1. Taking the simple approach of a point 7 Å from Cα along Cα-to-Cβ for both ILE65 and ILE18, what is their distance in nm?
2. Work out, step by step, the length gained on full extension between ILE42 and THR28: first 0.36 nm times the residue separation, then minus their alpha carbon distance; give nm to one decimal.
3. Can you work out the FRET efficiency for the pair HIS35 and LYS78, with r the C-beta to C-beta distance and R0 = 30 Å, to the nearest 0.05?
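What follows is calculated from the coordinates using simple rules that are stated; it is not laboratory data. Since we're looking at a predicted model, the values are computed, not measured. Backbone-built Cβ (ideal geometry, glycine too); neighbour counts: all protein chains shown.
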Amino acid sequence: MKPIRMLDMGFISDILKIVSHVPKNRQTLYIFCHHMPKEIKILAHKILQNPFEINIATSKPAERILQLAYVVYNKQKKQL
């Protein structure tokens, strides 16, 4: 499920309720993705202490790296 969709479905209140019951002095880690929506950033900054964000921008694949995509149907997955 996409993070924004989870917030749309009301999970934000559940997350905030859980956070309200844990100690203020804690370590909370957030796993990131290639694109963090604005709403998730706002939530992260609200519930994290001294959040640290690392942004890595890549405009093209590394040299000599061939990137391919294959369409694989369910019945082919084991064999592949």
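1. 3.2
2. Between ILE42 and THR28, full extension yields 3.5 nm more.
3. Details: r = 32 Å, r/R0 = 1.07.
It comes out at approximately 0.40.
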